[in-house]
Amino acid sequence: MAETSGKPSKAGLAATSWALLGMLSYEEEVSGYDLKKWIDWSVDLYYWSPSFSQIYTELKKLEGLGLATSRVERDEGTRTRRLYKITDAGLAAVTEWATDSPVDPPVLKHSVLMRMTLGHLSNPARLKELLQEYAAYTEARHRKAVEDAEGAEAEPAWAYSVLALRWAAKYYAAEREFALEMMKDIDEADRILQTAPKGSSGRARTTPGYWREVEKQVEAKREAD
């Protein structure tokens, strides 16, 4: 599982692996369960929260690549748990990734905005309900990000994590404001929609081929700029 140069192969490592290595870089022995709770407390607010099975799969991969080691700890009873620790090679790999790896642009998969895009198939009342639900969700996430940032401030080693959590708090606060603002704009959008020609289904239809004209206009503007 290693390259001929003697260095472990990092090809194919998922984002989960890098996040786990980053958490292990504090040089504390932790279990997969600990790492899951840690992710739910922090990374989940601005990236994602992998399942336990994903975490254990990636930990096994990291161990196989020589980037982490593990040992089984037994308590005074019959319970056991596997603890993971980063290796020197793992610390070097995650340091290189965090410092020199190209940054992938964020991928926005906003289901609420997709529902707004398809608003002509719904109705203003239902769309407002969705936005209200989303506003409540983002308010809860904002509150969690603020609380977690405040909790992390007591640990000097998490100084940069605090910055990320504060960013997350600002993001959710802004999303809430966007949702509330869109709620005010829905009635006007519906008024404009009612002026659109209707298709055989009775719903709004576009002018056939008009999107091509829009594409030409956008390309012409880009060339002019």
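The values are calculated or read from the model by the stated rules, or taken from the named source; none is laboratory data. None of the values given here were measured: they were computed from a predicted structure. Positions of Cβ are backbone-derived with ideal geometry, glycine not excepted, and every protein chain shown enters the neighbour counts. Heavy atoms of the whole protein, side chains included, go into the accessibility calculation; ligands, DNA and RNA do not. Shrake-Rupley method; radii C 1.70, N 1.55, O 1.52, S 1.80 Å.
Pick from 149, 154, 140: which is aliphatic (A, V, I, L, M) and touching a residue at least 12 places away in the same chain (Cβ under 8 Å)?
Details: 154 fails: touching a residue at least 12 places away in the same chain (Cβ under 8 Å); 140 fails: touching a residue at least 12 places away in the same chain (Cβ under 8 Å).
Criteria check complete, one pass: 149.
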Seminar exercise, completed: Being within 29 Å of residue 109 (Cβ to Cβ) and modelled with pLDDT under 95 narrows 78, 4, 16 down to just 16
Exercise. In region 166-224, which residue that is charged (D, E, K, R) and in contact with a strand residue (DSSP E or B) (Cβ under 7 Å, 6 or more places away or on another chain) is nearest to residue 145 (Cα to Cα)?
Worked result: 205
Exercise. Is it fair to say residue 62 is assigned to a helix (DSSP H, G or I), out of contact with any Lys or Arg (no Cβ under 6 Å at 6 or more places or on another chain) and not hydroxyl-bearing (Ser, Thr, Tyr)?
Worked result: yes
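Looking at region 190-218 only, could you name the residues that are among the acidic types (Asp, Glu) and farther than 18 Å from residue 121 by Cβ? Spell out the reasoning first.
Step one: list which residues in region 190-218 are among the acidic types (Asp, Glu), which gives 190, 213, 215.
If the condition is that a residue be among the acidic types (Asp, Glu) and farther than 18 Å from residue 121 by Cβ, then 213, 215 are the ones that fit.
Among the residues of region 193-206, is there at least one that is part of a helix (DSSP H, G or I) and open to solvent by 70 Å² or more (accessible area, probe 1.4 Å)? First the steps, then the outcome.
Taking region 193-206 first, the residues part of a helix (DSSP H, G or I) are 193.
Restricting the remaining residues to those that are open to solvent by 70 Å² or more (accessible area, probe 1.4 Å) gives none.
Taking every residue of region 193-206 in turn, none turns out to be part of a helix (DSSP H, G or I) and open to solvent by 70 Å² or more (accessible area, probe 1.4 Å).
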Seminar exercise, completed: Contact list, first residue from region 42-56 and under 21 Å from residue 108 (Cβ atoms) and touching a residue at least 60 places away in the same chain (Cβ under 8 Å), second anywhere and among the aromatic types (Phe, Trp, Tyr) and open to solvent by 40 Å² or more (accessible area, probe 1.4 Å), beta-carbon distance below 8 Å, six or more apart or interchain, is 46/167; 46/171
Problem set entry | Matching residues, region 155-186, being open to solvent by 70 Å² or more (accessible area, probe 1.4 Å), under 17 Å from residue 44 (Cβ atoms) and of a type in the set (A, V, I, L, M, F, W, C) | 163, 167
Exercise. Which is touching a Lys or Arg at 6+ places or on another chain (Cβ under 6 Å), surrounded by 14 or more Cβ atoms within 10 Å (Cβ to Cβ), in a helix (DSSP H, G or I) and at pLDDT 90 or above, of 39, 55?
Worked result: 55
